[in-house]
Amino acid sequence: MQHPQFSMEPRNVRLELAVDGFNPFGNMSNSYSLWPVVLIPYKLPPSLVMKDPFLMLSLLIPRESQPRIDIDVYMRRLVDELNEFWKNGALSYDALTGESFQMRAALMWTIHDWPAFGDISEWRTKGHYSCYTCNDEPYFQSLKGKTAYTNHRCYLPQNHHERRKSKAYNGKHEKRKKSLELPVEKILEQLDRVTSVTYGKHLRNKKRLCQAPNWTKVSILSELPYWKKRKLRHNIDVMHVEKNFSENTFGTMLGIDEKNKDTNKARMDLEDMGIRKELWLTRRPDGTFVKPREIFSLTPEERVGFFELLKSVKSPDDYAANISRLVNERNGKLGGLKSHDYHVLIQQILPIEMRGDVNKEISKTLFELGSFFQDLCSRTLRRNELEKLEEPIVRILCKLEKIFPPAFFDVMVHLAVHLPREAILGGSVQYRWRYRIEK
Ligand SMILES: [Zn+2]
């Protein structure tokens with residue numbers, strides 16, 4: 001126990017800080033955005049903790065762009081107050097015992113989408129070092145115009161047989177070993193090397209971006225005396241990861257424009273890497289390309305069958321939107337899906353609907369992926385079960401690396417590998433995802 005005096009008083013409050021940006025004008029072409037910063041007290045019973053009346057709006061930041069490092073300027077007052085609540089607390093009245101006491105408060109962690117993760121943590125969530133947890137060992141793959149976060153075999157045991165396979169993966173054996181744990185000492189050592197910053201747009205700040213290894217500055221939250229030793233400071237949002245994973249999977253398998261990761265460029269990547277020769281593009285005399293069919297791609301008839309089946313899906317009103325109404329029969333696309341619909345798609349619908357259309361191995365992997373997210377999102381989590389979830393997600397990502405092209409693995413797909421460890425440190429994802437805040 002790091003702070004026994006705080007923990008021994010059951011009336012002290014633990015807080016979560018949620019940051020999210022939205023455009024108050026909807027989809028209008030207006031770059032103006034509002035960034036609410038909400039405090040959520042973990043003092044209440046589980047049934048109340050995320051209810052609207054108990055969410056405390058602490059700041060509303062009006063911006064024409066993302067706040068980035070300037071978020072500290074807005075957070076100054078809030079951090080001062082959090083410091084005061086930690087050191088001295090506030091005089092409060094206990095109605096049960098009829099006595100007054102000093103109630104203290106501590107910030108547990110922050111929740112946000114991936115871009116806001118970069119603003120609040122001050123770890124730049126772009127570029128090769130995008131993943132905060134992988135930190136200075138990202139093991140990325142440079143592709144045509146993008147970065148893929150593959151190489152999940154490095155999490156497997158050193159003598160695992162998949163490590164010795166090369167053709168099915170990136171053409172190489174995997175000898176590197178990587179841990180899913182990010183030591184606090186490593187972060188502290190890096191932050192010691194980060195120099196001061198000038199707020200606003202300064203050339204000096206641009207030059208600083210490549211330091212130690214992807215920090216933009218030291219977060220203002222580091223001023224909280226207990227913050228530096230916290231193992232989980234900034235949560236990866238499960239809702240956001242599930243949505244992107246789901247979108248990439250069905251978008252690629254159904255060949256949906258703008259969502260499909262199996263593009264001509266992705267096939268050229270395979271050629272550049274010298275792998276899966278049977279899938280390389282070949283040029284016709286008229287300059288166009290022949291693109292061999294991938295094993296995971298649905299034929300036009302199978303696509304029609306998929307959407308027909310989707311149209312027949314019925315779900316309870318409070319479970320998911322009526323997905324069948326979102327199918328556009330004319331172009332066979334899905335439109336207007338909300339984050340929770342993607343959650344239902346990847347966990348329930350996709351594995352069942354794809355069962356007859358793809359081979360046994362792909363079908364099994366989709367079921368395993370759905371089951372991983374179901375287990376992770378269950379209301380009751382046991383530590384020993386969560387530890388067991390780390391192994392399946394590594395295995396699933398390795399299997400997917402053999403199925404999909406490297407372009408499939410954007411950072412949001414990769415982040416799934418870190419979710420079980422975060423649940424071990426932070427508990428149930430129901431308290432740490434953005435469903436309540438997004439509404
Ligand atoms: Zn990572």
Those helices (runs of 4 or more DSSP H) lying entirely in the stretch 353-436 with at least 1 residues more than 16 Å from the ligand (Cβ to nearest atom): 360-376, 383-403, 419-426
Hey, Val344 part of a helix (DSSP H, G or I) and either farther than 28 Å from Thr299 by Cα or within 16 Å of the ligand (Cβ to nearest atom) (or both) or not: no
Any pair with Cβ under 6 angstrom, 6 or more apart, that starts in the stretch 120-139 at a residue that is away from the ligand (no atom under 12 Å from the Cβ) and ends at one that is basic (Lys, Arg): Glu122/Lys217
Lys172 being modelled with pLDDT of 90 or more and assigned to a helix (DSSP H, G or I): no
Qualifying position, being buried (at least 19 other Cβ atoms within 10 Å of the Cβ), of a type in the set (Gly, Ala, Ser), in a helix (DSSP H, G or I) and more than 16 Å from the ligand (Cβ to nearest atom), among Ala116, Ala106: Ala116
Options Leu44, Leu48, Leu59, Leu82: the member that is over 25 Å from His3 (Cβ atoms) and surrounded by 13 or more Cβ atoms within 10 Å (Cβ to Cβ): Leu59
Failed item in (1) more than 25 Å from Tyr435 (Cα to Cα); (2) among the β-branched types (Val, Ile, Thr); (3) touching a helix residue (DSSP H, G or I) at 6+ places or on another chain (Cβ under 7 Å), with Val49 passing the rest: (1)
Matching residues in the stretch 63-90 - criterion: being touching a strand residue (DSSP E or B) at 6+ places or on another chain (Cβ under 6 Å) and either in a strand (DSSP E or B) or of a type in the set (Val, Ile, Thr) (or both): Arg63, Ala90
Residue count for the stretch 221-266, restricted to those that are of a type in the set (S, T, N, Q), in contact (Cβ under 8 Å) with a residue 60 or more places away in the chain and part of a loop (DSSP other than H, G, I, E, B): 2
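The values are calculated or read from the model by the stated rules, or taken from the named source; none is laboratory data. Please read these numbers as outputs of a predicted model, since none were measured by experiment. Don't worry about glycine lacking a Cβ; one is built from the backbone with ideal geometry, like all the others, and counts go over all protein chains shown.
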